[in-house]
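Notes to accompany the following structure.
The values are calculated or read from the model by the stated rules, or taken from the named source; none is laboratory data. Remember, it's a predicted structure, so these values are computed and weren't measured experimentally. Methodologically, a virtual Cβ is constructed for each residue, glycine included, from the backbone with ideal geometry; neighbour enumeration extends over all protein chains shown. Just the protein is used for accessible areas: all its heavy atoms, side chains included, with ligands, DNA and RNA removed. Shrake-Rupley method; radii C 1.70, N 1.55, O 1.52, S 1.80 Å.
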Amino acid sequence: MDNIFKKTSVETHNIFTWENLGDIKGGRGDLGEEMPVLVYRLLQFTMLDILTKEYGAEKANELFRDAGFLAGSELAANILDLTVDLATFIVNLQQTLVDLKIGILRMEAFDPETGNLILTVGQDLDCSGLPITNESVCYYDEGFIAGILKAYTGKNYDVREIDCWASGDRTCRFSGVVVD
């Protein structure tokens, strides 16, 4: 008798594609597309804990940046208009981040000659409301922003958090520097 259950390749299943996000609206029916931040943070911080125990903090943070980069790149490619001028792009990005309840983005500084910038994200999904631990924790956000910037500009950015809710600030501030 044939096996009625199709086996899926773990390798294929684990490779991210935008399409693998599925039909969230159709699949979740009555529950809808939204979930509490608590659930998101539960996934994020338990995953970071396991990766830190397995690989150490530095490697775990690097992996979170890489995941954020992939997410930012894919979000930009699938949701944002990458053909508009910078001012329009930033306005669209700000609205998208609010619509998705990720945070409130503000551009504090931009150097048109170098492409370097300073951004803030208020009410950040990853850390707003966390206890103060005197450390930055938004490694995923660093990659997420770098991925969005790469998708829009075609340039590689090194994005680092310079202020964080967890370090005692009331907003997350990120420095983005163009790298060769």
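Data table
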read-out	value
Only listed residue being more than 18 Å from Tyr140 (Cβ to Cβ), open to solvent by less than 70 Å² (accessible area, probe 1.4 Å) and among the hydroxyl-bearing types (Ser, Thr, Tyr), chosen from Thr83, Thr88, Thr96, Thr52	Thr88
Qualifying residue in the stretch 124-134 (condition: small (Gly, Ala, Ser), touching a Phe, Trp or Tyr at 6+ places or on another chain (Cβ under 6 Å) and surrounded by 16 or more Cβ atoms within 10 Å (Cβ to Cβ))	yes
Criterion (under 15 Å from Val121 (Cβ atoms) and more than 17 Å from the chain's Cα centre (by Cα)) met by exactly one of Glu108, Glu54	Glu108
Sole residue being in contact with a Leu (Cβ under 8 Å, 6 or more places away or on another chain), over 19 Å from Val39 (Cβ atoms) and touching a residue at least 24 places away in the same chain (Cβ under 8 Å), chosen from Leu119, Leu82	Leu119
In the stretch 58-68, residue most open to solvent (accessible area, probe 1.4 Å) [restricted to those that are within 19 Å of Gly103 (Cα to Cα) and not basic (Lys, Arg)]	Ala67
Members of the stretch 11-45 found to be polar (S, T, N, Q) and open to solvent by 70 Å² or more (accessible area, probe 1.4 Å), listed by number	Thr12, Asn14, Asn20
Close pairs (9 angstrom Cβ cut-off, 6 or more residues apart or separate chains): over 19 Å from Leu100 (Cα atoms) in the stretch 27-56, among the aromatic types (Phe, Trp, Tyr) and open to solvent by less than 100 Å² (accessible area, probe 1.4 Å) anywhere	Met47/Phe64; Leu48/Phe64; Leu48/Tyr139; Leu48/Tyr140; Leu51/Phe64
Flag if Ala146 is surrounded by 18 or more Cβ atoms within 10 Å (Cβ to Cβ) and at pLDDT below 95	no
Ala71 small (Gly, Ala, Ser), at pLDDT 95 or above and either farther than 16 Å from Val137 by Cβ or open to solvent by 80 Å² or more (accessible area, probe 1.4 Å) (or both)	yes
Residue list for the stretch 77-107, restricted to those being among the hydrophobic types (A, V, I, L, M, F, W, C), part of a loop (DSSP other than H, G, I, E, B) and within 23 Å of Arg41 (Cβ to Cβ)	Leu100, Ile102
